[in-house]
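The values are calculated or read from the model by the stated rules, or taken from the named source; none is laboratory data. As the structure is a computational prediction, the values presented were derived from the model and not from experiment. All Cβ positions, even for glycine, are placed from backbone atoms using ideal geometry, and neighbour counts span all protein chains on display. The protein model used for the area step is the full one, side chains on, heavy atoms only, and it has no ligands, DNA or RNA in it. Shrake-Rupley method; radii C 1.70, N 1.55, O 1.52, S 1.80 Å.
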Amino acid sequence: MAYSAYIIGEIPKRITIQCRKNFETVQYVLEKRGFNVINPLKNLLNKKMNVVDANKINIRQLLNCNVVYILPSVSFDNTKNAELLLAIKLNLLIIQDLVFLTENEAIEELADLEI
């Protein structure tokens, strides 16, 4: 069973090339490790969608994920990040470092979270 991972990161009003690169790099690594990845930038960059609708879709997608990966630009002290707050409230597995993560390790972590 493949797990879904949602990428959380600071997204400026004008999305820069570096911002896209950060999200796409993490997406690539997570996909190589067997995760279905939700990259919120895809909806935000969709010209057919306004920002509010894109954010609503992103939150719905986050609700269906098992894991979130937090880019280094996000701090746990950042209580303004709605995605991070929601992930914490939902008791999702939160990953900040890709060095140790394998799908099996994530499965083990998720199993520990189940009640």
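Numbers at a glance
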read-out	value
Residue list for segment 21-64, restricted to those being touching a Leu at 6+ places or on another chain (Cβ under 6 Å) and either among the small types (G, A, S) or surrounded by fewer than 17 Cβ atoms within 10 Å (Cβ to Cβ) (or both)	V29, A54
Scan of segment 80-115 for residues that are open to solvent by less than 80 Å² (accessible area, probe 1.4 Å), modelled with pLDDT of 85 or more, under 24 Å from T25 (Cα atoms) and not small (G, A, S), ordered by number	E83, L84, L85, L86, L92, L93, I94, I95
Boolean, S4 is surrounded by fewer than 14 Cβ atoms within 10 Å (Cβ to Cβ), within 22 Å of L86 (Cα to Cα) and of a type in the set (G, A, S)	no
Members of segment 13-71 that are in a loop (DSSP other than H, G, I, E, B) and either on the phi > 0 side of the Ramachandran plot or free of Cβ contacts under 8 Å to residues at least 12 places away in the same chain (or both)	K13, R14, T16, G34, N46, K47, K48, M49, N50
